[in-house]
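One structure is given below, encoded as C-alpha cells.
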Amino acid sequence: MQTERDVLGSTRIDVVSSEANALGVRIGQTVAAARAKCTELRVRVVPNATVHATLVRIAEAMLAFGPTTAFDVDRDMVWIEIGGCAHLHGGEIELARAIGAGVRALGHACRVAVADGPRVASAVARFSMRMREKTGLPSMPEEPIVVPEGKGALAVKSLPIAALALDDDVSMWLADLGLSTCGDLQKLPRRALGMRLGGRTQDVMQFLEGRDQAPLEAWRPPEVPEERVELEWGAHSTETLAFFIKMLCDRLAARLQGRALGAASLELVLTLDRAASTSEPCPPRLALSIVLPSPISRASDLLLVVRARLEGCSPPAPVLAVTLRAPALERTAGRTIDLLAPEPKAMGALPRLVAELSAELGEGIVGTLALVDTWAPTERTRLVPVKGSSLDRDGERGVSAPPPFLVTSALEPSRLIHAVPVPLEALARGQHLARLEAVQWWRQPAQRRDLFAAWIDGALAWLELSAHRGACPLLRGWID
C-alpha cells in the first residue's frame, strides 16, 4: 500500500482541495509542478481500502433513493438506478438535490448528474465541472446536472476527449489533429474514426450519439452493516470515545435508512492496546452487546443507546479502534399520521427511552406489567420484557386482548382470610388444584406454591403449600 513517503515528483494528483485550487494547483498535475505553484503543498495518500469502505457506505445509504446501486473504486463513482422514483421527490432535479444532500450529510463532497445511462451520467458528472473551470464560467458543484431524456448527444458534446477513456496513443493522435472535445469527434466521418479506434469503436460511437445501454451491475449490501474507525492514538476516556461513536452512529443510521430497516441489536467492539494495559491479563478486544426492545434507525437514538452501554464499562487499556455493527435487523412498522389530531411527543420518545434503559440496566430488567390468569388479586401482574411486546417505532404498544377471565380452571375461594397454619395431615384427604410459580416479579428468590382443597371442620377450605422444605400448609380461605 502506497503512503506519503512513496509519493514521487512525477506522481499525478487525483483530487485538489479548494484552497490548493485557489493557488493554481489542478487535477492531473504532477507533484513537482504543483509544488512549484505552492511550496507548502501537502500531499495525502488515501488507501484503496478506505475508498472502498466509503463508497460502500454511500452506495448503501443511496438505496433510499433507488432500488439498485453500484460503485467504481477507480473513478470514485456511485451509480443509482432512479427509474420510476423521480415523481416521489417532485422530479429529477429535486431527487438529484436530495441525493447530493444525503452524500454531503455523510461528510463527502460530490457532483450529481442524471442521464439515460450510467456512462453518460458519470462522464457528465466528472468532466462538465472541469470544462466550466477552463472556460471561466462559475462552478456550481452543489447544483446537479440533469440531462433531458434523449439529449445525451448534446450533453456529451462539450465534454473533453478524456471522457472516452481511450488509450494514450489514441488520445495523443486526436490531440495532434486538434480535436479536444467529443463535439469535435461527432463531426468526423464514422468510418475514418472507427478505423483508428479499433475494438472500442462501437462503444465510442454509441457514447458520441448519446446512446448508453451499458448494464448496471447491481451491488448487494453485506448482511451485517458495520462501521469502523481506527484512532491515531489510544483513547482512555468515555468522552473521547463518544466523539468517534457519534460519527459511527451517523454512518450506521444512514445505511439502515437506506435499507428501510431498524437495528434490533447492536454490538460495539473496542480494540485495545495491550502494550499499554495496566491490568493482566488484558484481552485484545472488548465486545459489548446491546439487545434493543424495539428496532431503531435514527442516529440520535443509536447514540443514546450506545453511550448508555459504554458508560457502564471501563476499558482495561487504551482503545485503538472502535467497531459498531448491527447483527440483527428488523423492519420497522409504519403508521399513518393523523393530520388533524396532535400527537404527544412522549409517544415518539418512548422507544428511545426504553432502549436506553435496557442498555444501561440490562435486557431482562426493563419491561411492562401484563395481566396474568391467576386467582390471587395481588398476583395478577407480571413483568414482561419489552422485547416482543409489539412496541412500535412511535412508542405505541399494541394492546392485546385481556384474558376472558382472570381465574384458574380450579375452584376459587370466595372468602379470603389471613394465613393460618394447619396440620400437614389435612392434605392427605385434600385435592390438588393447581401449582403456581412466582408471578410477583419484585420478590427474590422466586417461590413455588401448590393449592389444595380439603375439608376442615366440616367446611371446604382452600390451602396453600410452599415449596420450601419443612413448610406447613396455610389456610388462605374458604370455598362456599
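Laboratory data are not the source of any read-out in this text; all were calculated from the coordinates shown. Quantities reported herein were computed from a predicted structural model and do not represent experimental measurements. Reconstructed Cβ throughout: ideal geometry from the backbone, glycine too, with neighbour counts over all protein chains shown.
Short-range pairs are left out: with C-alpha atoms under 8 Å and at least six residues apart, the relative contact order of the stretch 20-122 is 15 percent. Considering only beta bridges that DSSP places wholly inside the stretch 48-208, some 75 percent are antiparallel.
How far, in nm, would the chain grow between ALA109 and ALA428 when pulled straight, counting 0.36 nm per residue and subtracting the alpha carbon separation? The partial results should precede the final answer.
On the way: separation 319, 0.36 × 319 = 114.84 nm, distance 8.37 nm.
Full extension from ALA109 to ALA428 adds 106.5 nm.
For the pair TRP219 and GLU143, a Förster radius of 35 Å applied to the C-beta separation gives a FRET efficiency near 0.85, rounded to the nearest 0.05.
Each residue of the stretch 459-466 was assigned a 3J(HN,Hα) from its phi angle through the Karplus expression (A = 6.51, B = -1.76, C = 1.60, θ = phi - 60°), giving 10, 7, 9, 10, 10, 10, 10, 7 Hz with x at Gly and Pro. By the beta-carbon count within 10 Å of each Cβ, the least crowded to most crowded order of ASP203, ASP338, fewest first, is ASP338, ASP203. What the phi angles of the stretch 179-187 give under the Karplus curve with 6.51, -1.76 and 1.60, with θ = phi - 60°, is a coupling list of 9, 10, 10, 5, x, 5, 6, 5, 7 Hz, glycine and proline written as x.
How would LEU193, LEU353, LEU340 line up from fewest to most surrounding beta-carbon atoms within 10 angstrom?
Values: LEU193 18, LEU353 14, LEU340 4.
So the residues, fewest neighbours to most, are LEU340, LEU353, LEU193.
Sketch the reach of a paramagnetic label on ASP203 as a point 7 Å from Cα along Cα-to-Cβ, and name the residues of the stretch 151-190 whose backbone nitrogen lies under 13 Å away. Residues passing the 13 Å test: 163-168. Here LYS157 is the anchor, and the aspartates and glutamates within straight C-alpha reach of less than 19 Å, apart from those fewer than 8 places off in the same chain, are ASP116, GLU133, GLU149, ASP184, ASP203, GLU209, ASP212. For the stretch 280-297, 3J(HN,Hα) computed residue by residue from phi via the Karplus equation (6.51, -1.76, 1.60; θ = phi - 60°) reads 10, x, 10, x, x, 8, 10, 9, 10, 9, 10, 9, 8, x, 9, x, 10, 9 Hz, glycine and proline entered as x. For ALA264, the residues whose amide H sits under 5 Å from its own are ALA328, LEU329, GLU330, ignoring neighbours fewer than 5 places away on the same chain, with H placed 1.01 Å from N.
Taking every C-alpha pair closer than 8 Å and separated by at least 6 residues, the mean separation divided by the residue count of the stretch 248-324 gives a relative contact order of 45 percent. The stretch 200-226 and the stretch 87-103 have Cα centres lying 21 Å from one another. A simple spin-label model places pseudo-atoms 7 Å from Cα toward Cβ; at CYS282 and ASP169 they are separated by 5.9 nm. Applying 1/(1 + (r/R0)^6) with R0 = 35 Å to the Cβ-Cβ distance of ALA192 and SER17 gives a FRET efficiency near 0.25. Remark on PHE71: its backbone amide H falls under 5 Å from those of TRP79, a criterion applied only to residues 5 or more positions apart or on other chains, H modelled at 1.01 Å from N.
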